[in-house]
Amino acid sequence: MNALEQDSSLLIGSAQDIESLARKDSAEIIVASDSHGGGAQLLGILTECGRQADAFIFCGDGMSELCGILHQASEESGIRELLPPVIAVVQGNNDIPSYPLQTAAGVAELRVPVTQTVCACGHTLFITHGHHFSLYGGTQELSQVALASGADTVFYGHTHVAAVEYSNSVFLLNPGSCRLPRGGQPPCYARFRVRTGAVPPDFTFFQLKGKPGTPYTPPPRTSYW
């Protein structure tokens with residue numbers, strides 16, 4: 001359950017939970033992006049697997065819907081129970097830099113960074129929407145920036161296409177769009193499992209149509225390792 005407070009790092013959660021995520025031996029992280037008005041889709045993802053997850057990462061373009069869920073969570077314990085202890089958000093090209101956040105102490109300002117880093121199980125995860133990194137020309141620039149920041153993993157959105165790639169010693173994952181996918185893909189999101197040590201991450205995409213929890217395999221883009 002999330003503390004519904006924004007840490008000085010701009011992560012949403014208590015300092016204790018953020019530190020605990022960094023020190024865990026293994027963690028499951030939900031990654032979603034580009035809801036574009038699909039609050040129901042975001043809530044559906046959290047309903048399906050939020051209770052079991054250690055963190056939720058949102059890669060932008062739908063912050064108003066996510067803030068609506070956070071507001072619901074401040075008033076309804078049933079919704080709050082769906083939220084993982086740590087939430088990381090970044091600003092998409094259709095988002096604004098700050099939103100009101102309802103907390104136990106009243107209404108606060110939720111600041112939304114353009115990029116964010118999270119430490120999980122000793123790994124540094126770099127998060128961005130992607131619109132500042134020339135994604136339609138490839139992920140080379142994004143992977144270089146992430147590597148310079150000390151990250152070994154990148155989560156990004158913007159293209160609305162689920163994809164994985166390994167570039168410049170950095171693993172990159174786009175969860176696709178949970179409402180407006182492109183390239184003939186279904187609406188989807190990803191679940192990412194990370195462990196301590198130099199081991200490849202484990203990830204699965206899930207589609208949001210048909211039976212809940214149905215895995216989805218996007219067309220391969222490159223060799224991952």
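The values are calculated or read from the model by the stated rules, or taken from the named source; none is laboratory data. Every value quoted in this text rests on a predicted model; they were computed, and no experiment measured them. Every residue, glycine among them, receives a Cβ derived from its backbone with ideal geometry; neighbour counts consider all protein chains shown. Please note that ligands, DNA and RNA were not included when accessible areas were found on the heavy atoms of the full protein model with its side chains. Shrake-Rupley method; radii C 1.70, N 1.55, O 1.52, S 1.80 Å.
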Next on the checklist: As an exercise, take the mean of 1/r over every pair of distinct alpha carbons in the range 182-222, invert it, and state the Kirkwood radius in angstroms.
Outcome noted: 11.8
Item to check | Compactness of the range 42-142 as Cα Rg over 2.2 N^0.38 Å, two decimals | outcome: 1.14
Item to check | Label-point separation in nm, ARG23 to GLN140, each point 7 Å along Cα→Cβ | outcome: 4.2
Checklist entry - Given a cut-off of under 8 Å on Cα pairs at least six residues apart, what relative contact order in percent is computed for the chain? => result 21
Next on the checklist: I want to verify the translational diffusion coefficient of the range 1-98 in µm²/s; compute it with Stokes-Einstein, Rh as the Kirkwood radius over Cα pairs, at 37 °C and 0.692 mPa s.
Outcome noted: 245
Next on the checklist: Is there a quick way to get the dipole size of the chain? I mean about its Cα centre, with the Cβ of Lys and Arg at +1 and of Asp and Glu at -1; what is the value in debye to the nearest 20?
Outcome noted: 600
Checklist entry - Can you work out ³J(HN,Hα) from phi for every residue in the range 169-179, in order, using Karplus 6.51 cos²θ - 1.76 cosθ + 1.60 and θ = phi - 60°, giving whole Hz and x for Gly and Pro? => result 6, 10, 8, 10, 9, 10, x, x, 9, 7, 9
Next on the checklist: Which three extents, in angstrom, do the Cα atoms of the chain have along their principal axes, listed largest first?
Outcome noted: 47, 36, 30
Checklist entry - Under the classification rounded if a/c is under 1.5, otherwise prolate if a/b is larger than b/c and oblate if not, where does the range 135-198 fall, given a ≥ b ≥ c as square roots of the Cα gyration tensor eigenvalues? => result oblate
Item to check | Equivalent-ellipsoid semi-axes of the range 111-225, from the Cα gyration tensor, Å, largest first | outcome: 22, 17, 14
Checklist entry - So how do ASP54, ASP202, ASP61, ASP25 rank on accessible area, 1.4 Å probe, biggest first, that is with the largest at the start? => result ASP25, ASP202, ASP54, ASP61
